[in-house]
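The structure appears below as C-alpha cells.
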Amino acid sequence: MKRSAGWSLLVALIMALVLESVSAHAQKLTGTLSGTVTDSSGAAVPGATVTVVNTATSKTFTATTDAHGNYTFAELPDSTYNVKIVSPNFKEFTAQGAVVHVATTTTVDTHLQVGSVTEAITVQANALQVQTDSAALGETIDGTQVKELPLNGRNFVQLTQLQPGVSAANNFQNTGKGLNGGVDMSVNGNPTTNNLFLVDGVNNNDTGSNRTILIYPSNEAIAEFKMLLNSYGPEYGQASGSVISIITRSGTNSFHGSAFYNGRNDALNTYTYFSAQNAGKGLPLDGKDKQRRNDWGYSIGGPILRDKLFFFFNQEWNHEIRGRQVSACVPTAAERDGDFSVRGCNTAIVPDFSKVPAGKLAGPQKLAAVDPSATAMMQLLPLPNTPNGALNSNGQNWSVSQPTALQWRQENVRVDYDLNHSNHIMGRYTQDTWSNPAFNAGYWGDTVYPALNSNWAQPSKSMTAHWTSTIRSTLVNDAAFNYSDNRILITPGGTNASILTSVSGAIPTLYPASLKHSALGVPSVNFGVYGGTTSLQAPWQNQLDIYIFRDDLSWVKGQHTFKFGAFLGFNGKDEDVNSSTGERPTVGSVATSSGGIDTNDTLANLELTGNVFNINETSTNIRAQLRWRDYEFYAGDTWRVLPKVTLTYGVRYSLLLAAYQPNDQITSFQPQLYDPSKPASDACNGLWVAPGSDPCGAANSQFGTNFSHGTPGPNRSLVKNGYNHFAPRIGVAYDAFGTGMTVIRAGLGQFYQRERISRYTLVSNAPFALTTNNYARTLGGATPSSLSGTASPSGGADPSADLPNSWQWNLAVEQQLGKNTIFQAAYVGNRGIHLTSSYDINSIPQSSWLAATFANSGDVNMFRPYPAGGNNGTLTYWAHGGGSNYNGLQLSLKTRIGDILQLGAAYTWSHALTDVITDDSSGGIGNQARTYYTMPRLDYGTSNVNRPNIFVANAIWFLPKLRGANALERGVLGGWELATIVSSQNGNNFSIYQGAHEANLGTNPVTGATYTSQLNQSGALVQTGFNPNPSQLRPLATGQSCVSDRHDNTIINPGAFTLIGYALGTIPNSMAPRGVCGGPNFNNTDFSLDKNWAVWHERATIKFNLDFFNLFNHPNFNPGSLSQGSPFSAINCGSQIGTDATTGHKLYTPCSATNNIVSAQDAQSGFGTSSGIIGNARQIQYGLHVNF
C-alpha cells in the first residue's frame, strides 16, 4: 500500500492536534489510583490534600478528597507511587510503594489519626490487592516476572499461557518470532483469531490471519504485561476474545541498563521420543537435529533532563540454526540420463517404450536423448544420498537434516517528556527484522529441495505518539497517533539460486509475459514418485499498514469516573494471492490425442524429446489490495453507588466497515442471481460486481470472451455494513465487609470482532484471471501469439451485515488470604455469535447424495446446482453462521513475600462447544468448513480448543543474599535464584475423519473378471460434492472411549470407531461428532537456576543463568501428526461370496446404490499413533546477564 511518508506525517499531526474523537482501539496505557480517607471513627474526611509522586520520574499529582472522603487519580502512567495525605488536625499519612498497573485500580485507603500535621505515619502499600471497583477478569505480569521467568526463546508470548481460561491450539508457537511464531490460543472458548495484541496501545496483530503478530517486544523493554480475559470495559474494542496489552519501559531519573547473552547447543539437548532411536548409529550429530542458538542484546535508559525528559533504548538479536529433516525419492544419475535399466525409487513400473520411435531409443530401457526442458527442471532435484542407493524404511533414496537459519533483530526507543505539570508527551519507535534465508523452515509454496528455495523475511514496525493533558485534577485527556506495519518479502534463494532463470524459461508460458505478476517463476511439473510436484513461492510480497488516531477522556465527578473515547482507523493490506508458480504452466497428462506418447512412467514421459503434454495455466497472479475503515465510540462510568458497591457500565459503538478494493477488483457469487438459461461458460453469471465497474466487459475486450456483465452489488465491498452494533457492558463489585478483603463481582458484556482480512475468495474471483486447460504443446514450445481462456467463480460471501461477536459473563469471588496473598474463584461463561463460517454453496442436494456416491468422478459435478463458468465445482461461501458456548470454573492464587518470593497459579475446569473449527486462520476452504451447509448441527461438538483441565503455575524465589556473611560465603552461597513455569493440562479435543475405499472384491461369475469398485473415486462415504469431503466425514462411534489404553505414542483407541452398518451415500445420526477424542495430556516444566553477584557497591548485578526447557523431557504427542489419520483402510458391503486363496481374506461384491450397507472393514495399520510432538525435548540454555 503506497503512501507518501510526508503526507502521512502531516495528516498525523493535524489529526492528533485537531480531532477530539480519534482512536482505533481506545487502549488504556494508564491505571487508576483511588482511595477513601476517614478518621479513626470511620467518618469521611473531606478536603484532605492527596499528593502522589512517581518514584521513577518525581512527577507529582495532586487532588482533594470529596464530601465522602474519596479521591481518584485517573490516567496515571504505570509505575510505583508514594501517596501522601494531609489534613488539618490529623497526622500526615504516607503510603510508599503503591504500584499502579495498566487498566487496573490501585486502592490506598487510610484512617487518619488525630494529631499535628508535623507528625507523620509511613506504611508500605500492599503489592497485591483485591479488585473492588470492576467486574473485569484479567491478570497482570510485572517487569520482574518478565525478566526472571524462564521464557523459552525470550518470547513474551509464553506469558499468555499463565492465565486461567487460556487454551493453546496445537500449532501455538511461543518460542518462534516473525513468521516462525504463532499466537493460536483460545481464551474462554473464543476462536484463536479473535484476540487483540497491543503494544503501548498500538495494534500488533497481523490482521490478515490474526494468528501472527507484528513485533515481539524484547524482555528488556517490557514494563508490564496485562491480559484482559472477560467482561472488560467499553474502552476496549476490536476483539471478542482477549486483549493482550504490553506497556514498554520508560526512562527514569536514574540511569539503568542491561547487557545479556544466552546460548544453546544441540550437544546439551536431549533426544526427542522419536529421535532416540538414532543414538549411537554414527549419524551426524549422533542423530539429533542441529541447533545453534545465540541471543544477545543490551538496554539503557535514564534522564536527558532530570525530572523532565527521559529516554529508553534497547537492541536485541536472536540467531538460531536448526536442523530440518526432509526426505524424498529423486531420480538417480542414470534415470536423469534416460537410462531406466536399473531402477531407483520406482520399482513397481517399467517404462513402456513400445510406442517410442526407434530413433529416440539407445536401448530397450534407455532414451537416446533427454528433453532439454526436462533436464532444466531436474536441476531442482538433488541426487540420491542413501548408502549405495538403497531405499530407506520409507522407500526413499534422499534424506537430509538441512540446516535452516532463523534470524531476528530489534531496535526500540522510547522518549517521555513532561512538557509542564499538565502535559506529558510520549513517543516510541520499534522495528523488528526477522528473516529465514533458504533453506527455510518450511512454510508454504516451496518443495523441500535445497537447490532452489525461498528466502523469507518479515520486517515490521510499530510507533506511537501520545499527548496526555491534565486539564484539571479531575479531567485528563490522552490523544495518540499509532502506526504499525509489516512486510513479508519472499525472494528466490537456495544452494543454486541462479538456476531460476533457466528453470523459468524451460517451459515457456502460454499467456504473454506482460500479464505476469512476476518475471520469473517455477513451472509446476509433477515428477510423480521421482520427486513430486515442483513449486516455488518466490517471488512474493505482502504488506500491511495500520494507521490509527485516537482520543480518550477521563472525568472524575463526585462518585463517578466517566470515560469517553473515539477513534479513526485507516488500514490496508496488499498481498499476492498465489505463489509465483501459480501463474506458471502446469504440466498435466500426456496429450496422446495430439501425438504425445505415454510410457506409463512419469519421468520417462517428461524426458522423451518432443513429447506433447496437456498444459494448464492461469493468466496472472492476482494481487489483493484491500482497504478498510474502523470507527468506534465509547462511553463508560465507574460509579461508587455505596461505600461497598461499585457499578461499572457503558457502551461501545462499532462501525467496522467491510474491506473493499480501490480498483474495484472484487466480485461475489450470489445463488439467487444465477440464471440457468445462460451458457455454462458464462463466468459472470450470478456475480455481483462493484457498482460502476464492469470487469466482465473488460475481460471480454482483452481476451475475446463472451461473459455477461454481472449485477451491481450493494456497495464496493459487496457486503452490507452494519450501523447498529452497540455493545453494552455492565458489572458490579460488592465489598462484602467494607474491608477491601472480600469482594463479590459479576460482569456481562457484548464484544464485536474485527474479522481477519485474508479471505481472498472475492478478490481472486472470476473474471480477473483466465485459465487455459489442456493446451497441447511440447514442454519447450513457444508462447501462443494469442490465447483466450475460461474462468469460473471461486465463490462468494453472505451479504448480511452480521459481525462476529461474543457475549461474556462472569461471577467471581476474590479473597485476600493474608498480606499480599489473593485467591479468586470465578464462574466464566462465553457465547460466540455469528462466528466466521465457510461452506460449499454448490454442494450436491441431499436427494442426489446416493446417486453421486456411486457415480463416475467425471459425472459428479452434474449433480451440482450451479455449473457457473463451466467448472461446476466447489464454490466457497463465507458467512457468519457459527456459534460456540463455553462454561468454566477458574481458580487463581497470587502471593508475594517481599522481595523473596513471587508465586502465581491458576486452574481451569471447563467445556467448550462449537459448530465451527475455532483454531482456523486460513483464507480458503477445507475440513474446517461445514459438512453440509444446510445442516450445521452435524458439526456441533466439543471444540478443538477444548482442554477440560488446565493447571499452570509460575514462581520466582530469591534465596538469601547473605549480606552479613564473609565475602567467600556471600559469593558462593548467597544470591541464588530459582524460577519455574509449570503446565499440566489435558490435550485439545480433535476429530477423526474417514473415507471409503473398497478392496477384496470377488470374481464376477458372468465375466470371470474381478469386480471393480463402483464407489466414486474421491473416496467419500457420502458424496456431497465438496472436494475435501472425504476428510470431513467421520466414522460411526461404538461407545468405547477414544482414549482408553492410551500409552506411549498410541493416543487413540481404534475400538472407539466402526463403519459396520454405515449406509453409504447418507450421513447417519450415529456418526462420531467433531471433537470426539480428547487429546493426549500436555505436561511441561521450564526451570531456571541463576546465580547473582552484586558488584560496584551493589549498583550492578551479574547473573549467570542455566535454563532447562522441558526439564523432565516429557514427550507431548501431537494428535495433528497421526501416522494414519483414518481407522479403516478398506470396506465392503453385503455378504461374502468367496475367499482369497492366497491371503485367506473374505471376498465381496462391490458396494452399490442398492448394496450400500457396510458389512466388513479392514483396520488401518498404525492408526492411532502420533508421529510428532508439541514443543521440544529438553534443551539447556546458558547465559550471562548484567544489570545496573
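Values for this structure:
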{"quantity": "Qualifying positions in region 1090-1112 - touching a strand residue (DSSP E or B) at 6+ places or on another chain (Cβ under 7 Å), part of a loop (DSSP other than H, G, I, E, B) and either closer than 13 Å to Gly974 by Cβ or polar (S, T, N, Q) (or both)", "calculated": "Asn1110"}
{"quantity": "Complete set of residues in region 1037-1052 that are within 17 Å of Ser1126 (Cβ to Cβ) and surrounded by 18 or more Cβ atoms within 10 Å (Cβ to Cβ)", "calculated": "Cys1042, Ile1051, Ile1052"}
{"quantity": "Region 851-861: number of residues that are surrounded by 14 or more Cβ atoms within 10 Å (Cβ to Cβ) and out of contact with any strand residue (DSSP E or B) (no Cβ under 9 Å at 6 or more places or on another chain)", "calculated": "6"}
{"quantity": "Close pairs from region 410-423: first among the acidic types (Asp, Glu) and surrounded by 18 or more Cβ atoms within 10 Å (Cβ to Cβ), partner modelled with pLDDT of 95 or more and not in a loop (DSSP other than H, G, I, E, B), Cβ under 8 Å, at least 6 apart", "calculated": "Asp416/Leu309; Asp416/Phe310; Asp416/Phe311; Asp416/His424; Asp416/Ile425; Asp416/Met426; Asp418/Leu309; Asp418/His424"}
{"quantity": "Count - residues of region 694-710 that are among the polar types (S, T, N, Q) and either in a loop (DSSP other than H, G, I, E, B) or within 23 Å of Arg627 (Cβ to Cβ) (or both)", "calculated": "3"}
{"quantity": "Qualifying residue in region 367-389 (condition: within 22 Å of Gly287 (Cβ to Cβ), touching a helix residue (DSSP H, G or I) at 6+ places or on another chain (Cβ under 7 Å) and surrounded by 14 or more Cβ atoms within 10 Å (Cβ to Cβ))", "calculated": "no"}
{"quantity": "Residue in region 280-289 that is in contact (Cβ under 8 Å) with a residue 40 or more places away in the chain and either buried (at least 16 other Cβ atoms within 10 Å of the Cβ) or touching a Gly at 6+ places or on another chain (Cβ under 6 Å) (or both) present", "calculated": "yes"}
{"quantity": "Yes/no for Ile471 being assigned to a strand (DSSP E or B), over 37 Å from the mean Cα position of the chain (by Cα) and either modelled with pLDDT of 95 or more or surrounded by fewer than 22 Cβ atoms within 10 Å (Cβ to Cβ) (or both)", "calculated": "yes"}
{"quantity": "Among the residues listed as Ala733, Ala766, the single one being crowded, with 22+ Cβ neighbours inside 10 Å, modelled with pLDDT under 95 and more than 30 Å from Ile213 (Cβ to Cβ)", "calculated": "Ala766"}
{"quantity": "Residue satisfying condition, being small (Gly, Ala, Ser) and either in a strand (DSSP E or B) or surrounded by fewer than 17 Cβ atoms within 10 Å (Cβ to Cβ) (or both), within set Gly1061, Gly1065", "calculated": "Gly1061"}
{"quantity": "Failed condition for Trp976, given (1) among the aromatic types (Phe, Trp, Tyr); (2) surrounded by fewer than 17 Cβ atoms within 10 Å (Cβ to Cβ); (3) within 30 Å of Arg937 (Cβ to Cβ)", "calculated": "(3)"}
{"quantity": "Filter result for Phe1057 (among the aromatic types (Phe, Trp, Tyr) and either free of Cβ contacts under 8 Å to residues at least 12 places away in the same chain or closer than 30 Å to Lys1146 by Cβ (or both))", "calculated": "yes"}
{"quantity": "Residues of region 425-449 satisfying the condition of being touching a Lys or Arg at 6+ places or on another chain (Cβ under 8 Å), touching a residue at least 40 places away in the same chain (Cβ under 8 Å) and either of a type in the set (Phe, Trp, Tyr) or part of a strand (DSSP E or B) (or both)", "calculated": "Met426, Arg428, Thr430, Gln431, Asp432, Trp434, Phe439"}
{"quantity": "Among the residues listed as Ala801, Ala797, Ala746, the single one being surrounded by fewer than 18 Cβ atoms within 10 Å (Cβ to Cβ) and closer than 26 Å to Leu673 by Cα", "calculated": "Ala801"}
{"quantity": "Residue match in region 210-217 (condition: closer than 30 Å to Lys563 by Cα, aliphatic (A, V, I, L, M) and part of a loop (DSSP other than H, G, I, E, B))", "calculated": "yes"}
{"quantity": "Unique residue being in contact with a helix residue (DSSP H, G or I) (Cβ under 6 Å, 6 or more places away or on another chain) and either under 23 Å from Arg759 (Cα atoms) or at pLDDT 95 or above (or both) when the list is Ala699, Ala683, Ala727", "calculated": "Ala683"}
{"quantity": "Residue check for Arg292: farther than 30 Å from Ala658 by Cβ, assigned to a strand (DSSP E or B) and touching a residue at least 60 places away in the same chain (Cβ under 8 Å)", "calculated": "no"}
{"quantity": "Residues being outside any strand (DSSP E or B) and of a type in the set (Val, Ile, Thr) - total across region 28-54", "calculated": "1"}
{"quantity": "Evaluation of Val719 against (1) part of a loop (DSSP other than H, G, I, E, B); (2) surrounded by fewer than 22 Cβ atoms within 10 Å (Cβ to Cβ) (one fails), failing number", "calculated": "(2)"}
{"quantity": "Positions within region 330-342 being surrounded by fewer than 16 Cβ atoms within 10 Å (Cβ to Cβ) and assigned to a loop (DSSP other than H, G, I, E, B), in sequence order", "calculated": "Ser341, Val342"}
{"quantity": "Number of the exception - Asp66 against (1) more than 21 Å from Phe310 (Cα to Cα); (2) in contact with an Asp or Glu (Cβ under 6 Å, 6 or more places away or on another chain); (3) acidic (Asp, Glu)", "calculated": "(2)"}
{"quantity": "Residues being crowded, with 22+ Cβ neighbours inside 10 Å and either over 15 Å from Ser764 (Cβ atoms) or not hydroxyl-bearing (Ser, Thr, Tyr) (or both) - total across region 868-877", "calculated": "4"}
{"quantity": "Considering residues of region 899-912 that are surrounded by fewer than 20 Cβ atoms within 10 Å (Cβ to Cβ) and not β-branched (Val, Ile, Thr) only, the residue nearest to the chain's Cα centre (by Cα)", "calculated": "His911"}
{"quantity": "Test: residue in region 1159-1180 that is among the aromatic types (Phe, Trp, Tyr) and not in a loop (DSSP other than H, G, I, E, B)", "calculated": "no"}
{"quantity": "Top-ranked residue in region 110-150 [being part of a strand (DSSP E or B), hydroxyl-bearing (Ser, Thr, Tyr) and touching a residue at least 60 places away in the same chain (Cβ under 8 Å); ranked as surrounded by the most Cβ atoms within 10 Å (Cβ to Cβ)]", "calculated": "Thr110"}
{"quantity": "Per-region count, region 143-178, residues under 24 Å from Asn542 (Cα atoms), under 10 Å from the mean Cα position of the chain (by Cα) and not aromatic (Phe, Trp, Tyr)", "calculated": "2"}
{"quantity": "Enumeration of residues in region 279-296 that are within 33 Å of the chain's Cα centre (by Cα) and at negative phi", "calculated": "Lys288, Asp289, Lys290, Gln291, Arg292, Arg293, Asn294, Asp295, Trp296"}
{"quantity": "Matching residues, region 943-965, being of a type in the set (A, V, I, L, M, F, W, C) and not in a strand (DSSP E or B)", "calculated": "Val945, Leu959, Leu962, Ala965"}
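The values are calculated or read from the model by the stated rules, or taken from the named source; none is laboratory data. All values derive from a computational prediction rather than experimental measurement. So basically every Cβ, Gly included, is an ideal-geometry build from the backbone, and we count neighbours across all protein chains shown.
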